[in-house]
1. Out of the residues in the range 201-219 that are at pLDDT 95 or above and not in a helix (DSSP H, G or I), state the one that is least open to solvent (accessible area, probe 1.4 Å).
2. If I go through the range 173-195 residue by residue, how many of them are open to solvent by 70 Å² or more (accessible area, probe 1.4 Å) and either over 23 Å from V230 (Cβ atoms) or part of a strand (DSSP E or B) (or both)?
3. Of everything in the range 106-128, what is among the small types (G, A, S) and over 13 Å from the mean Cα position of the chain (by Cα)? Give them in sequence order.
4. Between a first residue in the range 46-65 that is under 23 Å from I102 (Cα atoms) and open to solvent by 80 Å² or more (accessible area, probe 1.4 Å) and a second residue that is modelled with pLDDT of 95 or more and of a type in the set (D, E), which pairs have beta carbons less than 7 Å apart while being 6 or more apart in sequence or on different chains?
5. Any residue at all in the range 72-94 that's among the β-branched types (V, I, T), open to solvent by 50 Å² or more (accessible area, probe 1.4 Å) and without any contact (Cβ under 8 Å) to a residue 60 or more places away in the chain?
6. Have a look at V198, V126, V170 and point out the one that is hydrophobic (A, V, I, L, M, F, W, C), touching a Gly at 6+ places or on another chain (Cβ under 9 Å) and open to solvent by 20 Å² or more (accessible area, probe 1.4 Å).
Amino acid sequence: MAEGRQIQHHGEAIVLRTWPFHEADLLVSLFTRDQGKVKGVARHAMKSRRRFGGALEPATQVRAHYTERPKQELVRLDSFEILWSPLSAPVDTLRLAGLQLIVEVLEEAMPDLAADDNIYRLAVTVLTAMNERGVWLPVTYFCLWMCRLMGWMPELGHCAACGLDLRGEVVWWSPTADGVTCKDDRRPGSRGLSAASVVESYRIARTPLAELAEEDWPAMRSADLRAFGVGMLERHLERRIRSAAMLYS
């Protein structure tokens, strides 16, 4: 944070998480478009809804007005304007799990004060897509693209152990090791990823989400690919994604 003077910021952000802080205040984690992840205090937010209203709901996209203060780790959150709310559509258990997965991964993966416009735009795209035709495609799309943008996506075309060409074959991935392998070189605890799902991953890498959403994406479609994406995220985050388990509960 800057020293010596207060700096006011006004820009887009996604609310990631809130915690009670002091008596009526809330501590809020934001993923801002211009500054990356920022934490700040919403004074009296638990008593007064005038400045924030429903804008503190996790996964809400807001225009945030906040002030950076000298020698303070936490910014002062002044007011939010809602740009998009998860409450704009019914929130059932499945959709809630999908929304929470996005914000949980952003909270864990993104360092403080490291802006990444590609990841911000990805998050907005998948969060708003969960308004329409379910959660399975947006979750799969997010997990794979998040791995790609973070540099965590392994190369799927060849065995990491022997170099065998795996195009058109089942590939095997491990939650504890890098790369994918052929059947003969698979590691203990490895899981298979079908050739069709590998092809699907290439489609997701080059096709806009809106175009993919024109197709039917039931829960069973590319379920192994979705598990692979979650597994890669968990491997590199070095923790379980709690909301991922909620998708299957």
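1. Step by step, filter the range 201-219, then rank; the result is T207.
2. Kept after step one, since they are open to solvent by 70 Å² or more (accessible area, probe 1.4 Å), are these residues of the range 173-195: 176, 178, 183-184, 186, 188, 191.
From what is left, the residues that are either over 23 Å from V230 (Cβ atoms) or part of a strand (DSSP E or B) (or both) are 184, 191.
Matching residues across the range 173-195 total 2.
3. The answer is A114, A115.
4. Taking only residues 6 or more apart or on different chains, the pairs are R63/E12.
5. Of the residues in the range 72-94, the ones among the β-branched types (V, I, T) are 75, 82, 91, 93.
Restricting the remaining residues to those that are open to solvent by 50 Å² or more (accessible area, probe 1.4 Å) gives 82, 91, 93.
Still in the running and without any contact (Cβ under 8 Å) to a residue 60 or more places away in the chain: 82, 91.
Within the range 72-94 (the criterion being among the β-branched types (V, I, T), open to solvent by 50 Å² or more (accessible area, probe 1.4 Å) and without any contact (Cβ under 8 Å) to a residue 60 or more places away in the chain), the answer is yes, since at least one residue qualifies.
6. Criteria check complete, one pass: V170.
The values are calculated or read from the model by the stated rules, or taken from the named source; none is laboratory data. All values reported here derive from a predicted model rather than from experimental measurement. Every residue, glycine as well, gets a Cβ built from its backbone with ideal geometry; the counts of neighbours run over all protein chains shown. Heavy atoms of the whole protein, side chains included, go into the accessibility calculation; ligands, DNA and RNA do not. Shrake-Rupley method; radii C 1.70, N 1.55, O 1.52, S 1.80 Å.
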